[in-house]
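Shown next, in structure tokens, is the structure this report addresses.
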Amino acid sequence: QVDRVVSLHEVAKSTAQATPPTGLVSSQIPGLRAEYGFNEVLPPRNNIYADLAKRYMQPVPLLMLVAIILSAAIQQSEWLSFALLFVELNLIVYSSWKSEVNTASAIDSLQDTLAPEIDCKRDGEWTSIKAR
């Protein structure tokens with residue numbers, strides 16, 4: 001893991017100056033990886049618990065919260081409707097959140113099975129290597 005951010009322009013400029021027309025020599029690869037890291041763009045990861053909390057701020061859950069508050073205020077002696085609305089709200093939010101978490105997990109596992117390859121010139125010959 002490399003802890004510094006390098007601009008694409010800087011890498012392209014230094015690599016273009018240092019790379020001969022025959023491509024990189026295999027012995028250069030470890031040094032370049034140590035200096036610049038792997039050529040990859042990592043997708044941003046969301047906090048799944050923050051996503052769960054954000055789901056309560058959508059229109060339907062907010063309307064249900066209003067209904068819960070009104071149910072508690074108007075029918076103070078009847079807590080069953082309050083409790084049922086509260087459980088229903090949490091079930092709706094949890095089920096939508098859980099389905100998104102499962103979908104993200106399925107996409108991640110699918111991306112792990114895909115092995116994209118890239119054509120590059122190494123040691124004067126075009127070869128296909130697995131992209132990371």
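The values are calculated or read from the model by the stated rules, or taken from the named source; none is laboratory data. This structure is a prediction, so every number in the text was calculated from the model and none was measured. Counting neighbours? That spans all protein chains shown, and the Cβs are built from the backbone with ideal geometry, glycine included. SASA here: full protein model, heavy atoms, side chains in, ligands and nucleic acids out. Shrake-Rupley method; radii C 1.70, N 1.55, O 1.52, S 1.80 Å.
From the phi angles alone, apply the Karplus equation (6.51, -1.76, 1.60; θ = phi - 60°) to the stretch 73-86 and give each ³J(HN,Hα) in whole Hz, x where the residue is Gly or Pro.
Result, rounded to whole Hz: 6, 7, 10, 5, 8, 10, 8, 5, 5, 4, 5, 5, 5, 5.
Each residue of the stretch 43-49 in turn: what ³J(HN,Hα) in whole Hz from Karplus with 6.51, -1.76, 1.60 and θ = phi - 60°, glycine and Pro shown as x?
x, x, 9, 8, 6, 5, 6
At a probe radius of 1.4 Å, what is the per-residue accessible area of Arg122, in Å² to the nearest 10?
50
If R0 is 22 Å, what FRET efficiency do you get for Ile69 and Ser95 from their C-beta distance, rounded to 0.05?
0.50
Can you give me the long-range amide H partners of Ala131? Hydrogens built in the peptide plane at 1.01 Å from N, cutoff under 5 Å, separation of 5 or more residues or another chain.
HN-HN under 5 Å from Ala131: Glu117, Ile118.
Quantify, in whole percent, the carbon and sulfur part of the accessible surface of the stretch 54-125 (1.4 Å probe; protein heavy atoms only).
Result for the stretch 54-125: 66 percent of the exposed heavy-atom area is carbon or sulfur.
Quick one: how many lysine pairs does the chain have with C-alpha atoms less than 29 Å apart and a gap of 8 or more or different chains? Give me the count, please.
4
When you take every Cα atom in the stretch 63-129, what is the radius of gyration, and what is Dmax, the widest Cα pair distance, in Å?
Over the stretch 63-129's Cα set, Rg and Dmax evaluate to 26.0, 83 Å.
Could you work out the relative contact order of the chain? I mean the mean sequence separation of Cα pairs under 8 Å and 6+ apart, divided by the number of residues, in percent.
RCO, the chain: 34 percent.
Using a Gaussian network for the chain with springs between C-alpha atoms less than 10 Å apart, which of these wobbles most: Leu110, Leu42, Leu85?
Highest fluctuation of the listed residues: Leu42.
Go ahead and estimate [θ] at 222 nm for the chain from helices alone: -39,500 (n - 2.57) per DSSP H run with n ≥ 4, summed, over the residue count, rounded to 500.
Computed mean residue ellipticity for the chain: -19500 deg cm²/dmol.
If amide H atoms are built 1.01 Å from N in the plane of the peptide, which residues on other chains or at least 5 residues away come under 5 Å of the amide H of Arg122?
The list, which skips near neighbours in sequence, is Thr127.
May I ask for the Kirkwood hydrodynamic radius of the chain, worked out over all distinct Cα pairs and given in angstroms to one decimal?
Across the chain, the inverse of the average 1/r is 20.1 Å.
Subtracting the Cα-Cα distance from 0.36 nm times the residue separation, let me have the gained length for Ile48 to Leu114 in nm, one decimal.
Difference between extended and current length: 21.3 nm.
List, in order, the whole-Hz ³J(HN,Hα) value for each residue of the stretch 121-132 obtained from phi through the Karplus relation with A = 6.51, B = -1.76, C = 1.60 and θ = phi - 60°; use x for Gly and Pro.
Once rounded to whole Hz, the list reads 9, 10, 6, x, 10, 6, 9, 9, 10, 6, 7, 9.
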